[in-house]
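The values are calculated or read from the model by the stated rules, or taken from the named source; none is laboratory data. Nothing here was measured: the structure is a model prediction, and the numbers come from that model. Here the Cβ positions follow ideal geometry from the backbone for every residue, glycine too, while neighbour counts run over all protein chains shown.
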Amino acid sequence: MRACEEFTTELELFHDGELGPPAVHRLERHLGECASCRAELEGLRELRLLLGQHDATVPQPDLWGAIEARLPAIDEELHARLPWWRRLEFGPWILRPLGAAVAFGAMAAVVVLARPPAPIDVVRSIDTSGRPVMVLPSSDDATIIWVMDDSSDDSGSGETPSGL
């Protein structure tokens, strides 16, 4: 016989003493009427008695010795199943320097990529053939470069810009 599905959980809680007073009263009324639930409760009580007679806390004296003897063989078998890249052992001696190298590379990438780009119209070099040069920066992101002329006229004005 099987207990009623509605009362299966309540029977287990009642047996363990974890059911509240209103539910206990309801279950006791049901047990007075239902033979299958009474049989289920009796089965739970018999099971508790059987489990109480068995002392599971004391293991066999040679149990650990037998387990310990099998551990190296099991470890070798599991190690053989692993792919070759998982068998490599990376200890702290390799992971710390590797982590430092990755962090340094990430910082270097940030520094290089975060630098503002150089303006497109930049004069990298200019051949003045020994003549003087005058550079006038401007506020509108333009720079004026004048290559001065060597010749001097008699007007006394000195050197005149020839423009570029």
If we scan the stretch 109-130, do we find a residue that is modelled with pLDDT of 75 or more, surrounded by 10 or more Cβ atoms within 10 Å (Cβ to Cβ) and in a helix (DSSP H, G or I)? yes
Those residues of the stretch 1-23 which are closer than 17 Å to Ser36 by Cα, at pLDDT 85 or above and part of a loop (DSSP other than H, G, I, E, B), in sequence order: Cys4
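Evaluate the following for Pro161: is it modelled with pLDDT under 75 and surrounded by 10 or more Cβ atoms within 10 Å (Cβ to Cβ)? Talk me through it step by step, then tell me what you get.
Details: modelled with pLDDT under 75: yes; surrounded by 10 or more Cβ atoms within 10 Å (Cβ to Cβ): yes.
Spelling it out, Pro161 is indeed modelled with pLDDT under 75 and surrounded by 10 or more Cβ atoms within 10 Å (Cβ to Cβ).
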From the option list Leu71, Leu41, single residue qualifying as more than 30 Å from Glu89 (Cβ to Cβ) and either charged (D, E, K, R) or in a helix (DSSP H, G or I) (or both) is Leu41
